[in-house]
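K.L.:
My questions will all concern the structure given below.
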Amino acid sequence: QRNEAPPTQNYYQETGSGDVAEPVVNFLKWFYHFIERNEIYHVENMYEDGFYKISEFYYKDKMWPAPEKVQEIVEEKDEGSIFMILYRELYYRHIYARLKPTLEHRFDSYSNYCELFAYLLAAEEPVKIELPNKWLWDIIDEFVYQFQSFQQFKSKAGKINDEEKNMLRDEDQVWKVTAVLNILIQLTEKCNLNDQLQALEEGEVVTEEIAGEFGMKPIYTMTGFFSLVGLLRLYCLLGDYHMALSCIENVQFKDKDMMG
């Protein structure tokens, strides 16, 4: 049963917080409120509608408030909290979409994705949070896109200055193809995705015996499925079409339940 939400316009009421526009402050506080309470219906509404409206009106050609500022606004003490990780994911994605990321942005975004995936993969039991499928898809899609963007950036040697060359040399593990592949593979394995797909192909009901404890949670199964699509895309980028096809051999494209 869904909890009653405040009227949509309340997301944009004025509340005030220094140099950040008052409606943005209020939006951030409600976003934090709903994520902390795991109210996925409202999180979905704010992600798919509110965030993009705020971006269009206030941040069309500039960055959202720095994560440190947002942490202060929502009164979150832990910069490693899941809300802050998710906010940084949106923050850097916005920079890629509307601005030009610096090399430091590229490094920091990669580090944040590693934090996010470690949050899911290192857990000894399924995490409590749920996220909209659209956001989970966007996370994996953007992760692969930013990897591709980084490789394109590195290939333009003539446009890279000396400071950036030094940074690239010192941080040579960032956006490394093997690391990106391993993360996507681990996300599919965490939920026993291929076992689930084989069971579906054979007309079986997916049970905990097949999917495991993690695979019974939507956040793991959907992230795993989207990671499989990410692997397909990544192998194609690498020109390894044999691996691209083999990683989706258990996918039944007519299966609307899995692909919806």
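K.L.:
Can you give the charge dipole size of region 84-242 about its Cα centre, rounded to the nearest 20 debye, using +1 on the beta carbon of Lys and Arg and -1 on the beta carbon of Asp and Glu? Write out the running numbers ahead of the final one.
P.N.:
Numbers: 16 positive and 25 negative charges, 203 e Å.
With Lys and Arg at +1 and Asp and Glu at -1, about 980 debye.
K.L.:
Once you charge only the Cβ atoms, +1 for Lys and Arg and -1 for Asp and Glu, what is the size of the charge dipole of region 126-193 about its Cα centre, to the nearest 20 debye?
P.N.:
Working: 9 positive and 11 negative charges, 29 e Å.
So the magnitude is around 140 debye.
K.L.:
Taking the solvent-accessible surface of protein heavy atoms with a 1.4 Å probe, what is the per residue accessible area of the chain in Å²? Numbers along the way, then the final one.
P.N.:
Values: 13910 Å² over 260 residues.
That works out to 53 Å² for each residue.
K.L.:
Also, I was wondering about something else. Tell me, what ³J(HN,Hα) does each residue in region 202-219 have, in order and in whole Hz, if you take phi through Karplus 6.51 cos²θ - 1.76 cosθ + 1.60 with θ = phi - 60° and put x for Gly and Pro?
P.N.:
8, x, 8, 7, 6, 10, 5, 4, 8, 7, x, 4, 6, x, 8, 9, x, 4
K.L.:
A follow-up question, please. How high is the relative contact order of region 153-219, in percent, with contacts defined as C-alpha pairs under 8 Å that are six or more residues apart? Before the final figure, lay out the partial values.
P.N.:
Values: 28 pairs, mean separation 15.7, N = 67.
This gives 23 percent for region 153-219.
K.L.:
Turning to a different aspect of this structure: Of Lys53/Lys156; Lys134/Lys159; Lys100/Lys134; Lys53/Lys190; Lys29/Lys190, which sit over 26 Å apart, Cα to Cα? Write down the numbers at each step before the final one.
P.N.:
Numbers: Lys53/Lys156 34 Å; Lys134/Lys159 35 Å; Lys100/Lys134 24 Å; Lys53/Lys190 35 Å; Lys29/Lys190 32 Å.
Violating the 26 Å limit, Cα to Cα: Lys53/Lys156; Lys134/Lys159; Lys53/Lys190; Lys29/Lys190.
K.L.:
How high is the relative contact order of the chain, in percent, counting Cα pairs under 8 Å that sit 6 or more residues apart? List each step's numbers first, then the result.
P.N.:
On the way: 229 pairs, mean separation 36.8, N = 260.
Normalised by residue count, the contact order of the chain is 14 percent.
K.L.:
If the chain between Ser155 and Ser111 were fully stretched, how many nm would it gain, using 0.36 nm times the residue separation less the Cα-Cα distance?
P.N.:
Extending this stretch completely gives an extra 13.7 nm.
K.L.:
Same structure again: Could you sort Trp175, Trp30 by their accessible area in this structure, using a 1.4 Å probe and putting the largest first? All intermediate terms of the calculation are to be shown ahead of the outcome.
P.N.:
Numbers: Trp175 0, Trp30 60 Å².
Of Trp175, Trp30, the descending order of accessible area is Trp30, Trp175.
K.L.:
Can you work out the FRET efficiency for the pair Ala66 and Glu213, with r the C-beta to C-beta distance and R0 = 35 Å, to the nearest 0.05?
P.N.:
Numbers: r = 37 Å, r/R0 = 1.07.
My answer for the efficiency is 0.40.
K.L.:
Roughly speaking, to the nearest percent, how much of the chain's 1.4 Å accessible area is carbon and sulfur? Walk me through the numbers on the way to the answer.
P.N.:
Working: 6700 of 13910 Å².
The C+S portion of the solvent-accessible surface of the chain is 48 percent.
K.L.:
Largest first, how would Arg88, Arg169 line up by accessible area (1.4 Å probe)?
P.N.:
Working: Arg88 30, Arg169 145 Å².
Result of the area sort, largest leading: Arg169, Arg88.
K.L.:
Sort Met222, Met243 from largest to smallest accessible area, using a 1.4 Å probe on the heavy atoms of the protein chains. Please report the intermediate quantities before stating the final value.
P.N.:
Numbers: Met222 20, Met243 70 Å².
Per-residue accessible area, sorted high to low, gives Met243, Met222.
The values are calculated or read from the model by the stated rules, or taken from the named source; none is laboratory data. The model shown is predicted, which means the values in this text are computed figures rather than measured ones. Here the Cβ is made from the backbone with ideal geometry for all residues, glycine too, and neighbour counts use every protein chain on show. To get the accessible areas, we keep the full protein, side chains included, count just its heavy atoms, and leave off ligands, DNA and RNA. Shrake-Rupley method; radii C 1.70, N 1.55, O 1.52, S 1.80 Å.
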